[in-house]
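Asker: Sharing a structure here in structure tokens format.
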Amino acid sequence: MAKSLFVCISLLLLLPLTSQTTDPSTPNRNSISSPSPAHTELTNYGFPIGLLPTAVKNYTINRTTGDFIVDLGGACKVTLPPDNYLATYSKKITGKIVEGKIAEINGISVRAFFQWWSITGIRSSGDNLVFEVGMVSAKYPSKNFDESPACEGRHSSS
């Protein structure tokens, strides 16, 4: 049972967590917007910006403890190609970040094999990211996360 669970989660995490979908509030699909301060903060700790969707409204971080809160202004859904797995981001994502490691993550889930899996941690390991789902982990190339995915079905409120 544990071995088959590991295989299922490993297959799930082998999918690149990026999205081809564009945000309807973005006027030009080819326009490049500058990353939010939260996205820039990710790079300061050794992570690519694509770990967060484009819809970041606000964030706070305690530089002493690494505790952070990211506010997306609403829940966010992203379809993961090529097999159309869904990932959801809660309105509020929390965790603890230090150089090369994000721990105690709350607010990010991926649906695969008829079940939702919460991502609890992410580690940077050379050119790879290691995603933790409870006691199980899987490694993916960091370059899969070079671009932030847009939330699906969102409309601009401004």
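Asker: Between Ile69 and Asn128, what FRET efficiency follows from the Cβ-Cβ distance if R0 is 22 Å, with the result rounded to 0.05?
Answerer: The pair Ile69/Asn128 has a calculated efficiency of 0.25.
Asker: Here's another thing I want to ask about it. Give me the dipole magnitude in Debye, nearest 20, for the stretch 95-158 about the Cα centre, with unit charges on the beta carbon: positive for Lys and Arg, negative for Asp and Glu.
Answerer: It works out to roughly 120 debye.
Asker: Related question: Hey, with R₀ at 25 Å, roughly what FRET efficiency would Asn144 and Glu99 work out to, going by the Cβ-Cβ distance, to 0.05?
Answerer: With R0 = 25 Å, the Cβ-Cβ based efficiency is 0.75.
Asker: Let me know the shape class of the stretch 67-138, please: from the alpha-carbon gyration tensor, a ≥ b ≥ c as square roots of the eigenvalues, rounded when a/c is under 1.5, otherwise prolate if a/b is greater than b/c, or oblate.
Answerer: Judged from the Cα gyration tensor, the stretch 67-138 comes out oblate (a/c at least 1.5, b/c at or above a/b).
Asker: Can you list the aspartates and glutamates whose alpha carbon is less than 16 Å from that of Lys92, not counting same-chain residues fewer than 8 positions off?
Answerer: Partners found: Asp67, Asp71, Glu104.
Asker: List the residues whose amide H sits under 5 Å from the amide H of Ala112, counting only those 5 or more places along or on another chain, with H placed 1.01 Å from N in the peptide plane.
Answerer: For Ala112, the qualifying residues are Trp117.
Asker: Further, regarding this structure: Just the Cα atoms of the stretch 35-158, one point each, no solvent: what log10 I(q)/I(0) does Debye give at q = 0.14, 0.15, 0.17 Å⁻¹?
Answerer: These q points yield log10 I(q)/I(0) values of -0.57, -0.66, -0.87.
Each reported figure results from applying straightforward, stated rules to the coordinates on display, with no laboratory input. Since we're looking at a predicted model, the values are computed, not measured. Positions of Cβ are generated from backbone atoms using ideal geometry, with glycine treated the same way; all protein chains shown enter the neighbour counts.
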